[in-house]
Ligand SMILES: [Zn+2]
């Protein structure tokens, strides 16, 4: 019988160590560092609210606080990714870029790893994204209030990202999917043409409610990130108070259900969907509860899929071309109008008179977070209509594709080919609110979809 010599004992010891280590790694690999943080972003002084042009004065009360929240995922070595949700109607690209620059200089988070989203509440402050909505220039004082708010916001969100990064702890990430039915198509179509806003129960909608559930080693909920494709317009413009709409109430209710956890809402391709019913305070509670009950049900009853790696990411600005850049004569014909379209025409004439040009394209932000084969998350700028999520899921043959809109720049509506033929608010009627000279060119949907698929396929 061969006696084990020192060399073979050392070899066995090494093998045991390696096995132990690799088992440890397999176990550790399932746990991903995740950190979450929240900061109150309710305006502290009087200012104008945004989302509806009908309000004439600064807000009169705060009925619900607004929050910024961040979720940081991954190690410093691999470069952490951060998802931010802001209880705001939107924000201009310059806010996102300034924030990304400052985050990049104080952490290992690169631009492509930072996704900044808005919940699109229509009861939050004006942020500079929708200045034309008032139909007149805001006064110097009103503009100063916006600038002061945005400067404070930038500092707060920078601090928020730092806190989320510092809070990272080994966590389990689980993906699951529920459904909620209060989003209803709002485009009324007669003889193939848009006739106005209303309720179109048989119109296209997205009712999926994808959910990331973050737990600690003992299975305790640390955070919940959900997506639902619906406008933040339960509350309408006949009130003038600060509120997070159904998104704010859902976050509040979920955090009560899961004490100590952070709840985050991201909006999907719901730009042509309104919550129904709406326009009464009780419906905000009703929709918030519908989301909360579904989240609780999904976590208790549905089988979740583990997400075992931090995302790899990509980000790019992609040119979208306008259908038409109006001439000076065309702007002059509209400049007399006492509304948002008239204001936009006057602004454009002023630009031309200073020797400026009206651009023929717009740089549109697209971003993808790929959690390997387990989950793909897309971030699209602007108010994206429902056809995009349906088409992307179909073309990629992936019913679990997670599409976030209102991300990185709340720029304008992103209409689809079907809507181009019907016309109406999301195609033409809203573009001047966002300083856009016309609807987008006819092939815009095809170009965006092809670009997103290209970005997804580029990632591992
Ligand atoms: Zn909107």
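The values are calculated or read from the model by the stated rules, or taken from the named source; none is laboratory data. Just so we're clear, the structure is a prediction, and the values are computed from it rather than from any experiment. Every residue, glycine as well, gets a Cβ built from its backbone with ideal geometry; the counts of neighbours run over all protein chains shown.
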Where residue 240 falls short, out of the listed (1) in contact with a strand residue (DSSP E or B) (Cβ under 7 Å, 6 or more places away or on another chain); (2) surrounded by fewer than 18 Cβ atoms within 10 Å (Cβ to Cβ); (3) within 20 Å of residue 412 (Cα to Cα): (3)
Could you please find all residues in the stretch 98-123 being buried (at least 24 other Cβ atoms within 10 Å of the Cβ), within 15 Å of the chain's Cα centre (by Cα) and not in a helix (DSSP H, G or I)? 114, 115, 116, 117, 118, 119, 120, 121
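If a residue must be within 20 Å of residue 143 (Cα to Cα) and in contact with a helix residue (DSSP H, G or I) (Cβ under 9 Å, 6 or more places away or on another chain), how many such residues does the stretch 39-65 contain? Reasoning before the result, please.
Keep residues of the stretch 39-65 that are within 20 Å of residue 143 (Cα to Cα), which gives 41-61.
Pick out the ones that are also in contact with a helix residue (DSSP H, G or I) (Cβ under 9 Å, 6 or more places away or on another chain) and you get 41, 43-48, 50-53, 55-56, 58.
Residues in the stretch 39-65 being within 20 Å of residue 143 (Cα to Cα) and in contact with a helix residue (DSSP H, G or I) (Cβ under 9 Å, 6 or more places away or on another chain): 14 in total.
With respect to residue 304, is the statement that it is surrounded by 24 or more Cβ atoms within 10 Å (Cβ to Cβ) and either away from the ligand (no atom under 16 Å from the Cβ) or under 24 Å from residue 400 (Cβ atoms) (or both) true? Walk me through it before giving the result.
Working: surrounded by 24 or more Cβ atoms within 10 Å (Cβ to Cβ): no; either away from the ligand (no atom under 16 Å from the Cβ) or under 24 Å from residue 400 (Cβ atoms) (or both): yes.
No, not satisfied.
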Taking the stretch 360-396 and the residues there that are closer than 27 Å to residue 426 by Cα and free of Cβ contacts under 8 Å to residues at least 24 places away in the same chain, the one that is surrounded by the most Cβ atoms within 10 Å (Cβ to Cβ) would be 393
For residue 415, all conditions in the list (1) touching a residue at least 60 places away in the same chain (Cβ under 8 Å); (2) over 30 Å from residue 32 (Cα atoms) hold save one; what is the number of the exception? (1)
Hey, residue 128 hits all of (1) assigned to a loop (DSSP other than H, G, I, E, B); (2) surrounded by 21 or more Cβ atoms within 10 Å (Cβ to Cβ); (3) at pLDDT below 95 but one; which does it fall short on? (2)
Among (1) surrounded by fewer than 22 Cβ atoms within 10 Å (Cβ to Cβ); (2) in contact with a helix residue (DSSP H, G or I) (Cβ under 8 Å, 6 or more places away or on another chain); (3) not in a strand (DSSP E or B), the one test that residue 197 misses: (3)
Reported set for the stretch 66-78 where residues are modelled with pLDDT of 95 or more, more than 19 Å from the chain's Cα centre (by Cα) and either surrounded by 14 or more Cβ atoms within 10 Å (Cβ to Cβ) or within 26 Å of residue 136 (Cβ to Cβ) (or both) is 74
Suppose we filter 263, 250 for residues that are in a strand (DSSP E or B), touching a helix residue (DSSP H, G or I) at 6+ places or on another chain (Cβ under 7 Å) and buried (at least 17 other Cβ atoms within 10 Å of the Cβ); which single one remains? 263
Which of (1) in a strand (DSSP E or B); (2) within 16 Å of the ligand (Cβ to nearest atom) does residue 235 not meet, given it meets every other one? (1)
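Filter the stretch 86-105 down to residues that are in contact with a helix residue (DSSP H, G or I) (Cβ under 7 Å, 6 or more places away or on another chain) and closer than 15 Å to residue 158 by Cβ and give me whichever is farthest from the ligand (Cβ to nearest atom). Spell out how you get there, then give the answer.
Filtering the stretch 86-105 for residues in contact with a helix residue (DSSP H, G or I) (Cβ under 7 Å, 6 or more places away or on another chain) gives 87, 95, 98-100, 102-104.
With the extra rule that they be closer than 15 Å to residue 158 by Cβ, the set shrinks to 95, 98-100, 102-104.
Working: 95: 17, 98: 23, 99: 22, 100: 23, 102: 28, 103: 26, 104: 29 Å.
Ranking the candidates gives 104 first.
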Checked pairs for the stretch 84-103, first without any contact (Cβ under 8 Å) to a residue 60 or more places away in the chain and over 17 Å from residue 126 (Cβ atoms), second more than 16 Å from the ligand (Cβ to nearest atom) and in a loop (DSSP other than H, G, I, E, B), C-beta under 7 Å and 6 or more apart or across chains, list as 103/109
